[in-house]
Amino acid sequence: MPFLGRLSAYYPVVPAGQGVPGGCEEATVGDEQGDARASDGRSRKSGSFTKTGTPEQIRLELRKTLAARDIGMASGLFYVPRVIEADPDAGRLELELMPGLRTLTDLTGSGDARVMPALDLLGKSLADVHRRLRLTPELTLPPPAGWEAQGEDRVFIHGDLTMNNVCWDEAAGRLVIVDWAAGPALGAPVTFASRYLDLVWLCAGVFWEPSWFRRPLYPAGAMCDQFLASYASGCSDFSTERFLRYDSDRVIVAAFHKWGRSRRARFAQWARRERWARWRRASPFLRPDQ
Ligand SMILES: Nc1ncnc2c1ncn2[C@@H]1O[C@H](COP(=O)(O)OP(=O)(O)O)[C@@H](O)[C@H]1O
Ligand SMILES: [Mg+2]
């Protein structure tokens, strides 16, 4: 379904592995790390994608990555990069380098029709993650005070499910979910929260539109409908009413935490809220009776 034209010039495209804010780098064949791996027996060709952070962050990301990878392998719905080496004390996590990744942001920006099937697969994948992901008590981290007053529907979450952390692997034709850190925008690591946090986080991110001229250009609402319908088909606990009740405004504010209070940031936030509210009022999935 070719839903839009040439948008890549306007849409904020994040090429795989490039422009990554603080914390990851790619090791390519023949560089220092590649040589080191070759000397201890690993293939130099495979390369690695290295993430850095505090020992706590890396320990958490490692545990979640391993657990999520098992879930994806068992269901065959999605793929999580393999852990090549981890040294939490040194704040370092080396993952398998996947050169052909394109983020959902990238697919959307270039009008790639595969974004809809990818969102469909993502919905089912997330339902399975919410059903199966388990972490130990010391890694069971609820949201800070003030979030989720109701505290209902708590599951182990992805925590930063954005269009940049979900990718399509061109070479293998599969969905890849990365960045199993923990709610970086919430001001504290969060692993155990309402399922609606992941759902709202992803959907609100689809409406990421910093400039007025980009707004009408891609079917954000239809994309969210597709994702939610697919999640609901894989999760009998999903409730439209609870989705609508979840404090999405808080999520939108949190998602803008790096933007500051500039006029541009305020305008962007307002634009996102407007589109978001319009979709919630008119979505055929959320309001089937209209
Ligand atoms: N194993 C990988 N191989 C290649 N590219 C990757 C890999 N993991 C992530 N990426 C790409 O790099 C981007 C940033 O990685 P991510 O793990 O999300 O880091 P951050 O925590 O900085 O957001 C992702 O959006 C994805 O496009
Ligand atoms: Mg990321």
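Highest average first, the peptides 139-148, 100-109, 78-87 ordered by how many other beta carbon atoms sit within 10 Å of their residues are 100-109, 78-87, 139-148. Centre-to-centre, using Cα atoms only, segment 137-193 and segment 221-290 are separated by 16 Å.
Ranked by how many other Cβ atoms sit within 10 Å of their own Cβ, fewest first, the residues His130, His257, His158 fall in the order His257, His130, His158. Taking a straight Cα-Cα cut-off under 24 Å and skipping sequence neighbours fewer than 8 places away in the same chain, the lysines within cross-link reach of Lys51 are Lys64, Lys258. From largest to smallest, the equivalent ellipsoid semi-axes obtained for segment 100-290 from the alpha-carbon gyration tensor read 23, 21, 18 Å.
Residues Lys64, Lys258, Lys124 in ascending order of nearby Cβ atoms (within 10 Å, fewest first): Lys258, Lys124, Lys64.
Values in this text are rule-based calculations from the coordinates and carry no lab data. Values in this document were obtained by computation on a predicted structure and should not be read as measured data. A quick note on method: Cβ atoms are made from the backbone with ideal geometry, for glycine too, and the neighbour counts reach across all protein chains shown.
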